[in-house]
Amino acid sequence: MAYEYDSENIFAKILRGEIPNNTVLETEHCLAFRDLYPQAPEHILVIPKGPYVNFDHFGAEASDAELADFSRTIARIAREIGVDPASGGDGYRLITNAGRNASPDVPHLHIHLLGGRHLGRMLQQA
């Protein structure tokens with residue numbers, strides 16, 4: 001399957017420094033920053049620096065170093081902001097969207113890390 005990456009999406013512009021962000025953590029392969037429209041007290045976006053459209057694309061084509069750094073960055077942030085249950089936090093939710101039915105807003109892989117309050121059930125029965 002071919003993935004078409006739009007290099008003019010907002011996250012690509014953030015990575016190039018064309019748009020400012022409120023950085024939480026930057027690593028060799030990732031950038032994490034606060035969401036402009038938070039849906040919880042802690043709402044952080046974690047994006048890979050590579051041009052990946054969604055998690056399928058990332059899983060299929062990212063290097064082992066990118067995959068490991070992405071996972072470890074998410075875990076580190078959860079611990080540092082105090083939502084990691086293993087460190088005494090009350091928990092968090094990770095959300096990513098892929099494909100038409102999920103309604104992704106930006107065609108660049110991003111994980112929403114949400115926490116800091118009770119989030120309720122993720123989906124209600126239809």
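The values are calculated or read from the model by the stated rules, or taken from the named source; none is laboratory data. These figures come from a predicted structure and were not determined experimentally. Here the Cβ is made from the backbone with ideal geometry for all residues, glycine too, and neighbour counts use every protein chain on show.
Some points to look at:
- Checking the range 47-61 against the condition returns a match, with at least one residue being within 10 Å of the chain's Cα centre (by Cα) and in contact (Cβ under 8 Å) with a residue 60 or more places away in the chain.
- Test: residue in the range 10-29 that is touching a Pro at 6+ places or on another chain (Cβ under 6 Å) and within 19 Å of Asn97 (Cβ to Cβ): no
- Of all residues making up the range 35-46, the number that are surrounded by 19 or more Cβ atoms within 10 Å (Cβ to Cβ) and over 12 Å from the mean Cα position of the chain (by Cα): 1
- Of the residues contained in the range 73-87, none is found to be part of a loop (DSSP other than H, G, I, E, B) and modelled with pLDDT under 95.
- Picking from residues in the range 1-34 that are charged (D, E, K, R) and either in a strand (DSSP E or B) or without any contact (Cβ under 8 Å) to a residue 24 or more places away in the chain (or both), the one that is nearest to Arg76 (Cα to Cα) is Glu26.
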